[in-house]
Amino acid sequence: QVQLVESGGGLVQAGGSLRLSCAASGRTFSSYNMGWFRQDPGKEREFVAAISWSGGSTYYADSVKGRFTISRDNGKNTVYLQMNSLKPEDTAVYYCNAVNRIGSTWYPALGSWGQGTQVTVSS
């Protein structure tokens, strides 16, 4: 079973940047497609970005396309989310998870989540 630890969140002004990291335990990390989700209080968790197991393919929610970049380092068992041109509506707790896709929808593949990392963007 893969365990996940997210980090790198913080408080940033609109237009700023942050880089999130997700460190995964377990020797099977490199076999998983990985993704980022986010959740604002009172809202459902939403998909943000995904990357294939090899890193060769990436996918983004329309709301972050062109501003966020997902990447991974299988040697370090880590997936990253570079967030640029941040907006107040990006404020949320960000989580990573292994992902599966059904049609055009991405779903978390692991039954458990890490603690997440808070991103707050001030206007």
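The values are calculated or read from the model by the stated rules, or taken from the named source; none is laboratory data. Bear in mind the structure is a predicted one, so any value in this text is a computation, not a measurement. Note that we place each Cβ from the backbone using ideal geometry, even for glycine, and neighbour counts take in every protein chain shown. These accessible areas exclude ligands, DNA and RNA; they are computed on the full protein's heavy atoms, side chains included. Shrake-Rupley method; radii C 1.70, N 1.55, O 1.52, S 1.80 Å.
Points worth noting:
- Sole residue being more than 13 Å from E6 (Cβ to Cβ) and either in contact with a helix residue (DSSP H, G or I) (Cβ under 6 Å, 6 or more places away or on another chain) or of a type in the set (F, W, Y) (or both), chosen from Y60, Y94: Y60
- Candidates G66, G75, filtered to the one that is assigned to a loop (DSSP other than H, G, I, E, B), at pLDDT 95 or above and more than 16 Å from G116 (Cβ to Cβ): G66
- If only residues of the stretch 79-91 that are free of Cβ contacts under 8 Å to residues at least 60 places away in the same chain and among the charged types (D, E, K, R) are counted, the one that is least open to solvent (accessible area, probe 1.4 Å) is D90.
- For the stretch 92-123, the candidate set comprises residues that are in a loop (DSSP other than H, G, I, E, B) and open to solvent by 30 Å² or more (accessible area, probe 1.4 Å); within that set, the residue that is nearest to A49 (Cα to Cα) is S104.
- Extreme residue, surrounded by the most Cβ atoms within 10 Å (Cβ to Cβ), among residues of the stretch 13-28 that are at pLDDT 95 or above and under 15 Å from Q3 (Cβ atoms): C22
- The set of residues from the stretch 29-62 being assigned to a loop (DSSP other than H, G, I, E, B), open to solvent by less than 70 Å² (accessible area, probe 1.4 Å) and under 16 Å from Y94 (Cβ atoms) comprises D40, A61.
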